[in-house]
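Please read the structure below before turning to the comments.
The values are calculated or read from the model by the stated rules, or taken from the named source; none is laboratory data. Predicted model only: the values in this text are computed from it and were never measured. With ideal geometry, Cβ positions are generated from the backbone for all residues, glycine too; neighbour counts draw on all protein chains shown. Surface accessibility is based on the protein's heavy atoms, side chains included, excluding ligands, DNA and RNA. Shrake-Rupley method; radii C 1.70, N 1.55, O 1.52, S 1.80 Å.
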Amino acid sequence: MENTMIFSEVLESADKLSLDEQETLIEVLHRRLIEHRRAELAKEIQNAQQEYQEGRCQPATPSELMKEILS
């Protein structure tokens with residue numbers, strides 16, 4: 001048996017909650033999203049630092065970056 005609910009089922013279930021419970025659900029989901037984004041950002045930073053340490057990228061000024069983007 002599949003443990004995941006489809007999106008419409010989740011919405012229907014949320015509609016059955018009281019307003020206070022819906023607000024709490026929103027707060028919990030919001031905190032989880034923040035934590036997920038924070039973890040993704042930390043991983044991207046770690047990867048970028050590793051690339052730099054391995055010499056696979058070079059530091060550049062903002063104007064150098066813009067020049068490369070626009071060329």
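With respect to residue 48, is the statement that it is surrounded by 10 or more Cβ atoms within 10 Å (Cβ to Cβ), modelled with pLDDT under 95, small (Gly, Ala, Ser) and assigned to a helix (DSSP H, G or I) true?
Values: surrounded by 10 or more Cβ atoms within 10 Å (Cβ to Cβ): yes; modelled with pLDDT under 95: yes; small (Gly, Ala, Ser): yes; assigned to a helix (DSSP H, G or I): yes.
Taking the combined requirement at face value, the residue satisfies it.
Got at least one residue in segment 24-39 being more than 30 Å from residue 14 (Cα to Cα) and open to solvent by 70 Å² or more (accessible area, probe 1.4 Å)?
No; the residues of segment 24-39 include none that is more than 30 Å from residue 14 (Cα to Cα) and open to solvent by 70 Å² or more (accessible area, probe 1.4 Å).
I need the full set of residues from segment 6-23 which are surrounded by 10 or more Cβ atoms within 10 Å (Cβ to Cβ) and either among the small types (Gly, Ala, Ser) or in a helix (DSSP H, G or I) (or both), in order please.
9, 10, 11, 12, 13, 14, 21, 22, 23
For residues that are among the polar types (S, T, N, Q), in a loop (DSSP other than H, G, I, E, B) and open to solvent by 90 Å² or more (accessible area, probe 1.4 Å), tally how many sit in segment 51-70. Outline the logic, then answer.
Taking segment 51-70 as the starting set, the residues that turn out to be among the polar types (S, T, N, Q) are 53, 58, 61, 63.
Subset that is in a loop (DSSP other than H, G, I, E, B): 58, 61.
Next, only the ones that are open to solvent by 90 Å² or more (accessible area, probe 1.4 Å) stay: 58.
Residues meeting the conditions: 1.
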